[in-house]
1. Could you please give the count of residues in the stretch 290-305 that are of a type outside the set (D, E, K, R), in a strand (DSSP E or B) and open to solvent by 30 Å² or more (accessible area, probe 1.4 Å)?
2. Which of (1) within 18 Å of residue 200 (Cα to Cα); (2) open to solvent by 70 Å² or more (accessible area, probe 1.4 Å) is the odd one out, the single condition residue 284 does not satisfy?
3. Are any residues in the stretch 167-189 aromatic (Phe, Trp, Tyr) and under 14 Å from residue 207 (Cβ atoms), and if so, which ones?
4. Among the residues of the stretch 252-264, write down those that are open to solvent by 50 Å² or more (accessible area, probe 1.4 Å), in a loop (DSSP other than H, G, I, E, B) and either under 17 Å from residue 281 (Cβ atoms) or at pLDDT below 85 (or both).
5. Of the residues in the stretch 157-207, how many are open to solvent by 40 Å² or more (accessible area, probe 1.4 Å), within 21 Å of residue 219 (Cα to Cα) and basic (Lys, Arg)?
6. Just to be sure I understand, how many residues within the stretch 127-155 are open to solvent by 30 Å² or more (accessible area, probe 1.4 Å), at negative phi and assigned to a loop (DSSP other than H, G, I, E, B)?
7. Out of all the residues in the stretch 195-251, which are outside any strand (DSSP E or B) and at pLDDT 90 or above?
8. Looking at the stretch 267-277, which of its residues are assigned to a helix (DSSP H, G or I) and within 27 Å of the chain's Cα centre (by Cα)?
Amino acid sequence: MSSENALSRDEEAAEAAALWCIRLSDDDLTEAEWEEFEAWLGKAGNADLLQDATSVWQASDSVGDQPAIIALRSEALARFHKAGQRRWFVSRTRPTKLLALAAAILLIFTASLVWFQNLPSAYATGIGERQVAMLDDGSRVSLDAVTNVEVRMKDASRQVELLEGRAKFDVAKDPLRPFTVAAGNKLIVAVGTSFSVELVDGEVRVILYEGQVEVRNRTDKAKTASAAPRRLLMTAGSQLVGAIGSSAPGVISRPDLSQSLSWEQGFINFDREPLGSAVARMNRYSTRRIRLADPALEHIPVDGIFRMGDMDAFVEGLTTLYPVKQKADGDEIVLEPK
């Protein structure tokens, strides 16, 4: 028996298992068809094939509300119904057509499974909420309030996207799988290290606590750093601040690392922080929102340590030390120039 014939028989057996899986899920078998199914199931290897087909079918069902999967499913099932009037193994169905229909449903299986496997794992926090997530590779992600991240673990890479908020990453060492965090138009590349990334007030802020990371633009396709002059190599204890949408590499500084981690203990520390971003950060921790009535106030440098969510203490400090006053506007606290 040639390998080509063996492969053909394996394919036919898998297609038959897929069709039985669909017929069973439709729950519309006659007594004679149940006998036919039991006879097929009793043959060597068919039980394992049916189990494999069922696992893929369940995976496809878990993503069945995706538009592309709905379109594939509808098209294939319509072809089945047209050919067999809900009896897909009737004797008048020609073998070539049967295999074509089986191929159609297998296409659904394959597309659904690929879609399912590539769905990211999502982690999110609400107002005033913090969370710690352990990833499959042993890396640890600490999420600040109002933070949303998506994680894709692949054989050759570990990919994270920060959609909003702030997160700290303690990366498990794996030289063969770089750990990347996309935020705004920046891409932070690491192997085993500890750093935080934040999106606030139109900026991407990266603080590196241990190890090294490379920061590049997400559109940068160069394979080497020498071919990409906009890449920056950060060393431990440094901070990068870059404007979202700008092709400039960003500005490097040396912040107080102990103060930068105060949010993990429930405090927020401002060291000459522009009032605009200070307000954006405080608003993560309370349903009482602060709003600046005048854009000119955004650039006032603010200092101080405040408990997360304590809006009254924050506003009292601002109105005492800086040229601003407050007024109530429904549930909002509005800050105006004095």
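1. Here the count works out to 3.
2. Residue 284 satisfies every listed condition except (2).
3. 169
4. 256
5. Qualifying residue count, the stretch 157-207: 1.
6. In the first step, residues of the stretch 127-155 are kept if they are open to solvent by 30 Å² or more (accessible area, probe 1.4 Å); the result is 127-132, 134, 136-138, 140, 146, 148, 150, 152-155.
After this cut, where a residue has to be at negative phi as well, the list is 127, 129-132, 134, 136-137, 140, 148, 150, 152-155.
Subset that is assigned to a loop (DSSP other than H, G, I, E, B): 127, 129-130, 136-137, 154-155.
Residues flagged as open to solvent by 30 Å² or more (accessible area, probe 1.4 Å), at negative phi and assigned to a loop (DSSP other than H, G, I, E, B) within the stretch 127-155 amount to 7.
7. Just the residues of the stretch 195-251 that are outside any strand (DSSP E or B), to begin with: 201-202, 211, 218-231, 236-238, 244-250.
Selection gives 202, 211, 236, 237, 238, 244.
8. Let us first name the residues in the stretch 267-277 that are assigned to a helix (DSSP H, G or I), namely 275-277.
Once the filter is applied, which keeps residues that are assigned to a helix (DSSP H, G or I) and within 27 Å of the chain's Cα centre (by Cα), the stretch 267-277 yields only 277.
The values are calculated or read from the model by the stated rules, or taken from the named source; none is laboratory data. The shown structure was predicted, so the numbers you read here are calculated from the model rather than taken from an experiment. Positions of Cβ are backbone-derived with ideal geometry, glycine not excepted, and every protein chain shown enters the neighbour counts. Just the protein is used for accessible areas: all its heavy atoms, side chains included, with ligands, DNA and RNA removed. Shrake-Rupley method; radii C 1.70, N 1.55, O 1.52, S 1.80 Å.
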